[in-house]
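For reference, the structure is listed below as structure tokens.
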Amino acid sequence: MNEKEQIEQITQQTNIVRNWSMDFLSNLGINEQFIKYINLLFLIAVVVVLVYFLQVVTRKILTAILERTSKMKRLSFLQYALNRKLPHYIAMIVPFSLIKGSIPTIFFDFPKTMVFFNKLADAYLVFYVLWLLSAVLNTFSDMLSKKDSLKDKPLKSYFQVVKIFLYAIGILIIISILISENPSVLLGGIGAASAILMLVFKDTIMGFVASIQLSANDMVRIGDWITMGKFNADGDVIEINLTTVKIRNFDKTISYIPPYSLVSESFQNWRGMQETGGRRIKRSVHIKQSSIRFIEDVKELERFKRIQAISEYIDERYTEIKKHNESIGADKSVAVNGRNLTNMGLFRSYVNGYLQSHPEVKQDMMIMVRQLDPTSKGVPLELYMFADTTVWAKYEGIVADIFDHIMAAAKYFDLEIFEDVSNPIGFQHQQSQVKPDDAALEN
């Protein structure tokens with residue numbers, strides 16, 4: 001059967017339906033002057049009812065089939081397809097075919113209207129294909145983002161680029177259909193307006209390039225904790241797309257940062273800290289300089305030896321210092337001659353031993369207790385270590401426990417912690433130096 005015979009057959013079938021409906025309405029006693037318009041409304045109503053029925057039935061059948069097959073592990077894609085309403089879009093194929101095929105029948109007596117609705121149907125077909133492809137892409141995006149190897153990658157950016165490309169082609173085809181023009185002619189016009197398009201899609205293009213750089217250089221992943229002061233951002237990355245990097249701050253606010261800002265400007269990524277499993281503690285205790293002194297009395301040294309953490313250190317250090325002083329003939333009637341133990345030195349040794357035995361301090365990472373340059377607030381004794389956690393609340397608890405202990409222990413070494421009393425309002429300063437007795441040291 002050639003093309004001409006096919007057209008004649010379709011026309012003949014169309015006439016059969018039209019003639020049947022016209023005869024049906026005529027038998028109802030409708031005036032022939034209005035019968036063609038009433039026939040138009042009648043056929044539209046019939047098609048609407050059929051389309052609705054077919055769409056509902058097809059959707060329910062597809063949904064039932066997908067719900068059963070999606071329970072199979074190998075077909076997990078179908079579960080994501082259900083979430084993205086893919087059966088709804090697929091079910092529209094049959095109703096659309098009915099609408100497209102019924103246009104010649106419905107508008108047989110209205111040729112110009114028939115041409116118009118044919119164009120609308122063709123344009124709708126393009127939109128439908130775009131929606132269907134978009135649902136498929138969203139389904140793949142959801143499925144891939146759940147994989148362990150890909151869940152921290154900016155997949156959404158790549159899928160957005162594909163969708164933008166598809167929509168651009170679709171809009172071009174729709175315009176060519178509505179104006180009855182060849183798409184190549186429109187492409188030529190777009191080429192001439194490329195500068196304007198580059199300006200309009202500048203952020204999208206820059207965001208896409210930046211997303212590729214962020215992913216290729218592994219600069220940012222979804223789930224990373226980043227800090228960027230310029231944008232008041234301090235929290236976890238929850239989404240990376242073409243135009244923004246979405247960050248949930250710790251105060252539960254949301255910051256939106258352009259991807260190219262992360263490439264062109266400085267920011268801090270805390271991923272390394274999270275991967276090592278330890279978070280740094282770097283804090284100082286300021287010791288009053290006037291409370292630092294030599295330990296000359298042997299009986300006093302015996303009191304310090306009751307502090308178990310430094311008893312062995314005192315024996316070793318005292319023997320070493322005594323041997324050195326004897327070798328140089330130091331006159332110990334004056335304390336500054338030769339080498340001496342100091343309460344600050346013993347305190348540093350105690351703090352270092354305390355940290356090295358602390359169960360919540362990472363022992364495989366650096367532990368250091370050091371003095372910094374003296375200031376107007378005294379001598380800073382800096383503690384440098386890593387807590388054995390990256391959880392913020394637990395970390396703060398560990399820091400507080402350590403420094404509670406350090407500040408309380410200072411008085412057992414006759415050291416005073418600096419306090420700024422320059423503003424005495426509401427504060428009564430008691431200048432006292434507490435020396436624990438022997439019973440307190442034993443406890």
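The values are calculated or read from the model by the stated rules, or taken from the named source; none is laboratory data. Here the structure is a predicted model, which is why all the values come from computation and not from measurement. Glycine also receives a Cβ, built like all others from the backbone with ideal geometry; neighbour counts cover every protein chain displayed.
Would the range 294-309 turn up any residue that is in contact with a strand residue (DSSP E or B) (Cβ under 8 Å, 6 or more places away or on another chain) and surrounded by fewer than 18 Cβ atoms within 10 Å (Cβ to Cβ)?
Within the range 294-309 (the criterion being in contact with a strand residue (DSSP E or B) (Cβ under 8 Å, 6 or more places away or on another chain) and surrounded by fewer than 18 Cβ atoms within 10 Å (Cβ to Cβ)), the answer is yes, since at least one residue qualifies.
Could you grab me the full set of residues in the range 311-350 that are touching a helix residue (DSSP H, G or I) at 6+ places or on another chain (Cβ under 9 Å), aliphatic (A, V, I, L, M) and farther than 18 Å from R293 by Cα?
A330
From N232, N241, N217, which residue is touching a helix residue (DSSP H, G or I) at 6+ places or on another chain (Cβ under 9 Å) and more than 26 Å from T276 (Cβ to Cβ)?
On the way: N232 fails: touching a helix residue (DSSP H, G or I) at 6+ places or on another chain (Cβ under 9 Å); N217 fails: more than 26 Å from T276 (Cβ to Cβ).
The match here is N241.
Which ones in the range 298-335 are more than 13 Å from F413 (Cβ to Cβ) and small (G, A, S)?
Of everything in the range 298-335, those that are more than 13 Å from F413 (Cβ to Cβ) and small (G, A, S) turn out to be S311, S327, G329, A330, S333, A335.
Take the conditions over 27 Å from N138 (Cα atoms), polar (S, T, N, Q) and modelled with pLDDT under 70 and apply them to Q13. Does it pass?
Taking the combined requirement at face value, the residue satisfies it.
Might you let me know whether the range 181-198 holds any residue that is at pLDDT 70 or above and hydroxyl-bearing (S, T, Y)?
No, there is no match, as no residue in the range 181-198 is at pLDDT 70 or above and hydroxyl-bearing (S, T, Y).
Where residues in the range 98-114 are crowded, with 17+ Cβ neighbours inside 10 Å and assigned to a loop (DSSP other than H, G, I, E, B), which of them is farthest from the chain's Cα centre (by Cα)?
F108
Scanning for something under 28 Å from S180 (Cα atoms), at pLDDT 70 or above and not in a loop (DSSP other than H, G, I, E, B), does the range 73-89 turn up at least one residue?
Filtering the range 73-89 down to residues under 28 Å from S180 (Cα atoms) leaves 89.
In the following step, the residues that additionally are at pLDDT 70 or above were identified as 89.
If we keep only those that are not in a loop (DSSP other than H, G, I, E, B) too, we end up with 89.
Yes.
Of all residues being in contact with a Lys or Arg (Cβ under 9 Å, 6 or more places away or on another chain) and either part of a loop (DSSP other than H, G, I, E, B) or not aliphatic (A, V, I, L, M) (or both) in the range 393-411, which is modelled with the highest pLDDT? Just the residue, please.
Across the range 393-411, the extreme among qualifying residues is F403.
Could you please tell me which pairs satisfy a Cβ distance under 7 Å, a separation of 6+ or placement on different chains, a first residue in the range 355-381 that is under 18 Å from G277 (Cβ atoms) and assigned to a loop (DSSP other than H, G, I, E, B), and a second residue that is of a type in the set (S, T, Y) and at pLDDT 90 or above?
M366/Y384
Within the range 257-350, which helices (runs of 4 or more DSSP H) (wholly inside it) include 2 or more residues that are within 54 Å of the chain's Cα centre (by Cα) and more than 27 Å from Y384 (Cβ to Cβ)?
The helices (runs of 4 or more DSSP H) meeting that bar are 259-264.
Is at least one residue of the range 115-123 modelled with pLDDT under 75 and exposed (fewer than 15 other Cβ atoms within 10 Å of the Cβ)?
The answer is no, given that none of the residues of the range 115-123 is modelled with pLDDT under 75 and exposed (fewer than 15 other Cβ atoms within 10 Å of the Cβ).
Step by step: first the residues of the range 201-243, then only those that are part of a loop (DSSP other than H, G, I, E, B), within 22 Å of V161 (Cβ to Cβ) and over 11 Å from the mean Cα position of the chain (by Cα), then the one that is modelled with the lowest pLDDT. Which residue is that?
Among them, the one singled out is F201.
List the pairs whose first member sits in the range 234-259 and is small (G, A, S), whose second member is part of a helix (DSSP H, G or I) and loosely packed, with under 15 Cβ neighbours inside 10 Å, and whose Cβ atoms are under 7 Å apart, counting only residues at least 6 apart or on separate chains?
Once the first residue is small (G, A, S) and sits in the range 234-259, no partner that is part of a helix (DSSP H, G or I) and loosely packed, with under 15 Cβ neighbours inside 10 Å comes close enough.
For I367, which of the numbered conditions (1) loosely packed, with under 12 Cβ neighbours inside 10 Å; (2) touching a strand residue (DSSP E or B) at 6+ places or on another chain (Cβ under 7 Å) fails to hold?
Failing condition for I367: (1).
Which members of the range 244-256 meet the condition of being of a type outside the set (S, T, Y), over 21 Å from G272 (Cβ atoms) and in a loop (DSSP other than H, G, I, E, B)?
Within the range 244-256, D251, K252 qualify.
Need the failing condition index for D420 against (1) surrounded by 13 or more Cβ atoms within 10 Å (Cβ to Cβ); (2) over 30 Å from W225 (Cα atoms); (3) of a type in the set (D, E, K, R), just the number.
(1)
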